[in-house]
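In what follows, a structure is listed as structure tokens, so that the remarks can point back to it.
The values are calculated or read from the model by the stated rules, or taken from the named source; none is laboratory data. Here the structure is a predicted model, which is why all the values come from computation and not from measurement. Note that we place each Cβ from the backbone using ideal geometry, even for glycine, and neighbour counts take in every protein chain shown. Heads up: the accessible areas ignore ligands, DNA and RNA and are worked out on the full protein's heavy atoms, side chains in. Shrake-Rupley method; radii C 1.70, N 1.55, O 1.52, S 1.80 Å.
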Number of protein chains: 2
Amino acid sequence: MAYDASTLPDVSGLTVGIIGGTGDQGRGLAYRFARAGQQVLIGSRSAERAEQSARDIAALPGVAAGAEVTGADNVETARRSDVVIIAVPWDGHADTVAALREPLAGKLVVDCVNPLGFDKQGPYPLRVPEGSAVQQAAALLPESRICAAFNHVSAPLLADPELDRIDLDVLICTEDREAAGIVAALAERIPGMRGIYAGRLRNAHQVEAFTANLIAINKRYKAHAGIRVTDL
Amino acid sequence: MAYDASTLPDVSGLTVGIIGGTGDQGRGLAYRFARAGQQVLIGSRSAERAEQSARDIAALPGVAAGAEVTGADNVETARRSDVVIIAVPWDGHADTVAALREPLAGKLVVDCVNPLGFDKQGPYPLRVPEGSAVQQAAALLPESRICAAFNHVSAPLLADPELDRIDLDVLICTEDREAAGIVAALAERIPGMRGIYAGRLRNAHQVEAFTANLIAINKRYKAHAGIRVTDL
């Protein structure tokens, strides 16, 4: 029962779609999955922007020539992907997710959105009526399989072509044990990352909100902080 | 500005009092500070129980003969300590803290209490009207200096005499930068630990609540998980 990556499923054949794939977090994740040889589909409201972003990512250092990185609008991306990462700004989260209910039915949906506000004192967690962004997604997508994950990965680190490894753990909150294994295996595709099951959806709020602490840590120590779970 | 333990203050002369020092978390912290050579004062509602607990801790492996580990009732403990750790069950938190307002005036108070509930599905964070346990303490102790810290340290690891090191980071939330340095220096006294400033009190809720995730991780992976901040 200890953490053992060798027990995780083979996910190398899955297509990963990224809704909000033209934003910093989405683009960074797309780049890392493309570097790892995963099929990646960039989603955006505009298919043209998504296609341009896909071409840009395919040309980045470390992405193999012939890597399958393509772009499409959000509906097409949802429909054609096996695993769909939601990486939109919190502002547009509910509307974007609700509009994709039909194409996301039966899909594994990974929400990495952090509902944060900012004022003069820095970042702070916003109250979400459903409890967390991922619980809002679960309420809006009753036919999908829902996880929170990749909440803490630093967009600048993801985007830095000099970095071969990103040493941190991806915390996965879900009700769906098999989905947790698939997402953990995807996290493992990025060198340095592990995917750790970290509780049910009702315990996702504090994982999302903890991003405010990471931003405070980054400011204080001039870092791009993440977390590693100890004793695993 | 990177993390640099050499910039932390010398805290070797401070007396650390532990309110709730006869509980698992409090006793474990007392043991580790006693091993590190810190003067430790165990607090309990009953002075007799506190004194017995202090004698027990002084006799544990790794605590130097002649180490200053003593016991007293909570009021005496608060009065005679420089830094006072609140390690009581959440149930008794407000009453215990409110009763110590006068002896805690001017003291550095470190709250490590995690407001959690448990049901058939495991642990979950409780709603606290003030936002978090430490914000409740701040409201009840207007003349004290307040930090949250030591929320994630595992009581079984603290108590294990075979362990020379406990490799994890202590996250410190506070409005008081100097207090953060003192608490970080105290954390550094325990081999393997670092003390990391992790934001203001309004961002302490998710640190406390994250203990529910650590419990889920412990259950899933048969571990005593903590966290390490990466890139520091």
Residues whose built amide H sits under 5 Å from the amide H of residue A:150, excluding neighbours closer than 5 in sequence, are A:171
Place +1 on the Cβ of every Lys and Arg and -1 on the Cβ of every Asp and Glu in the stretch B:8-154, take the dipole about the Cα centre, and give the residue among B:103, B:34, B:134 whose Cα lies farthest towards its positive end. B:34
Just counting partner chain Cβ atoms within 10 Å, what average do the residues of peptide B:193-204 show around their Cβ? 5
Which percent, nearest 5, of DSSP beta bridges in the protein assembly as shown are antiparallel? 20
Rounded to the nearest 10 Å², the accessible area of residue A:197 at probe 1.4 Å: 50
Between copies, how far apart are the residue A:60 label points? List them in nm, one decimal, shortest first, with each point 7 Å from Cα toward Cβ, please? 4.7
Given a Förster radius of 25 Å and the C-beta distance between residue B:65 and residue B:45 as r, what FRET efficiency does 1/(1 + (r/R0)^6) yield to the nearest 0.05? 0.30
If you build the convex hull over the alpha carbons only and average its shadow over all orientations, what do you get for the protein assembly as shown? Give it in nm² to one decimal. 21.5
Could you order peptides A:127-135, A:155-163 by the average number of other Cβ atoms within 10 Å of their residues, highest first? A:127-135, A:155-163
Each label point is 7 Å from the Cα along the Cα-to-Cβ direction; what then is the distance between the points at residue A:91 and residue A:12, in nm? 4.2
If each residue of separation counts as 0.36 nm, what is the full-extension length gain between residue A:105 and residue A:52 once their alpha-carbon separation is subtracted? 16.4 nm
So for the stretch A:77-187, averaging the separation of alpha carbon pairs under 8 Å that are six or more residues apart and normalising by length, what relative contact order in percent results? 23
If the chain between residue A:119 and residue A:218 were fully extended at 0.36 nm per residue, the gain over the current Cα-Cα distance would be 34.0 nm
Relative to the other copies, what are the label-point distances for residue B:165, with labels 7 Å from Cα along the C-beta vector, expressed in nm at one decimal and sorted shortest first? 1.7
If you find the alpha carbon centre of the stretch A:56-73 and of the stretch B:156-189, how far apart are they in angstrom? 44
For residue A:24, go 7 angstrom from Cα along the Cα-to-Cβ vector, then report the distances to that same point in the other copies in nm, smallest first. 4.0
Cβ-Cβ cut-off under 12 Å around residue A:85, Lys and Arg +1, Asp and Glu -1: the net charge is +1
How many Å³ per residue does the convex hull of the Cα positions in the stretch B:11-221 occupy? 110
Can you list residues whose amide H is under 5 Å from residue A:227's amide H, if they're 5+ apart or on another chain and H is modeled 1.01 Å from N? A:169, B:230
Where a ≥ b ≥ c are root eigenvalues of the Cα gyration tensor, a/c under 1.5 meaning rounded, otherwise prolate if a/b exceeds b/c and oblate otherwise, the stretch B:1-45 counts as prolate
